[in-house]
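Accompanying notes for the structure given below.
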Amino acid sequence: MSEGGTVGASSSTPIEDGEDMAIYKKMACKVVTFQMIYEEQDLKSEKTVNFKPEMAHQIFGESESIFGYKELAIMISLIHNSCRCYLDIKSAGKINKTGIKPDDIVKSLDSWLPSDYTRNYNEFLKWIKNEQHDQMYGKVINSFKCRGKANGIANGTTTYKITENDMSDNDFKEFHSRFETYIIWFIDAANYIDLDDERWLIYYVYEEKKHPVKDIFYRTPVAFCTIYKFYAYPNKIRPRISQIFVLPSHQRQGIGTNLYATISKRLRVDEEVVDIAVEEPTSDFQKIRDLEDCGVIHKALLKDNINYFITSPKVIFQLGQKNKIGKRQMQRVYDILGLYYASQKGQVHHKKFLENIKNRISENNERESRPGKRFCNIASLVMKADSSVKEAIDAEFERYCSKLQSSVEYLRDKLDAWLQMNNE
């Protein structure tokens, strides 16, 4: 039974005595499926590009559950280029018990789907037929190739194009308002941006493949990044990356890495930019960021023939400032490179560098927790500090090094490839 059209009274299923109510409770992330539509036949194909959401608490509440349906399936179909959306809800019946109503699925979804979505199958078929498959918004600022996964058009090496978009283009804003609805399902505490605020920058990645029969290009938006240009005194800007999102079907292919690298390169040469900030990066994105920033500094050290271990940290931090890397991120970069270089020199050097990090944390802790002069003679305060400071330092050291380790390993694995890609 489909909920896509009118549902009559027969759609309700009476509850038998002793029937387990649990069969009417479904976890949203298990029953919701996204599918990408290239052609009409994709609607009935088992090989369609599809994926599950990672979260649904903003839509269905903290429990991320839907109550009142048997064998529930929610299919959200989006046409590959325009992101025009079709919602289809199927179930084997609703709960029918006095005083208990099934959740209103459509009402819950309504605010989080593209505003012009349809539940009319025939209308969606017309949209597919009229789709402009090669539409691409913005100015192309970079392109790259990699071996993409199978999609509805073809396999093999794929070209990806990165565009910088015009925020005065109303057609683009309408498109973005549809595509960005994905993020609610994949980015925790995600919010839609104000598309009328001219301080936003939006970059997109398009997958480009040629149809083997029609001999036309099919371009599919697969990732985007939003950046807000904050003011920095007196006449500069501090761009902050707000969102960076890659479709789950296109992750682990280097798309996010190339997108961040392209954006950061443009911002590093912009004289108005003070430094590049990132809003609450995920662990995966932090590794991408660390690789790019470490690669930039590593390359600068090689170019200027600077020995990391005999050079003043001040000189290396100045390289970070020159390349628009903020102080906090530059401290990470300095430590990641130090651990990477030290591990190449042997266990003794690696252990010594870890000790240097711990000493710095200890000195910072002492500086920040030092009481004012009028408290210096309070014995209880001194005793409390003495008993807890070592424990606090050890915990902070372990936590910090744990966060660095994944980026050190990622750098070890990816740096040679990064240098080949950036050997201009």
Worksheet item: Between Met75, Asn50, Gly256, whose Cα lies farthest towards the positive end of the dipole of the chain when Lys and Arg beta carbons carry +1 and Asp and Glu beta carbons carry -1, centred on the Cα centre?
Response: Gly256
Worksheet item: For segment 159-186 and segment 245-314, what is the separation of their Cα centres, given in Å?
Response: 23
Worksheet item: What does the highest-first list of 175-184, 80-89 look like by mean Cβ count within 10 Å?
Response: 80-89, 175-184
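Under unit Cβ charges (Lys, Arg +1; Asp, Glu -1), what dipole magnitude, rounded to 20 debye, does the chain have relative to its Cα centre? Provide the component values of the computation, followed by the final result.
Details: 61 positive and 60 negative charges, 320 e Å.
Using only the charged Cβ atoms, the result is roughly 1540 debye.
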Practice prompt. Could you name the lysines whose alpha carbon sits less than 20 Å from that of Lys173, not counting residues in the same chain fewer than 8 places away?
Written response: Lys139, Lys161, Lys229
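222 nm [θ] for the chain, helices only, -39500 (n - 2.57) per DSSP H run of 4+, per residue, to 500? All intermediate terms of the calculation are to be shown ahead of the outcome.
Working: 11 runs with 163 residues, N = 424.
Only helices count here, giving -12500 deg cm²/dmol.
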Worksheet item: Helix 327-345 versus the longest principal axis of the chain: what angle, 0 to 90°, nearest 10, using Cα atoms?
Response: 70
Worksheet, complete the sentence: dims of segment 46-191, Cα set, principal axes, largest to smallest, nearest Å -> 60, 34, 29
Fill in: Intensity falloff of segment 268-342 expressed as log10 I(q)/I(0), Debye formula with alpha-carbon point scatterers, at q = 0.11, 0.12, 0.20, 0.25 Å⁻¹
-0.26, -0.31, -0.86, -1.28
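If you take every DSSP beta bridge fully contained in segment 223-366, what fraction is antiparallel? Give it as a percent rounded to 5.
Details: 10 of 14 bridges.
Roughly 70 percent of the DSSP beta bridges within segment 223-366 come out antiparallel.
We did not get these values from a lab; they are worked out from the coordinates using the rules stated. Since the model is a prediction, treat every value here as computed from it, not as a measurement. When we count neighbours, we look across all protein chains shown, and the Cβ atoms used for this are built from the backbone with ideal geometry, even at glycine.
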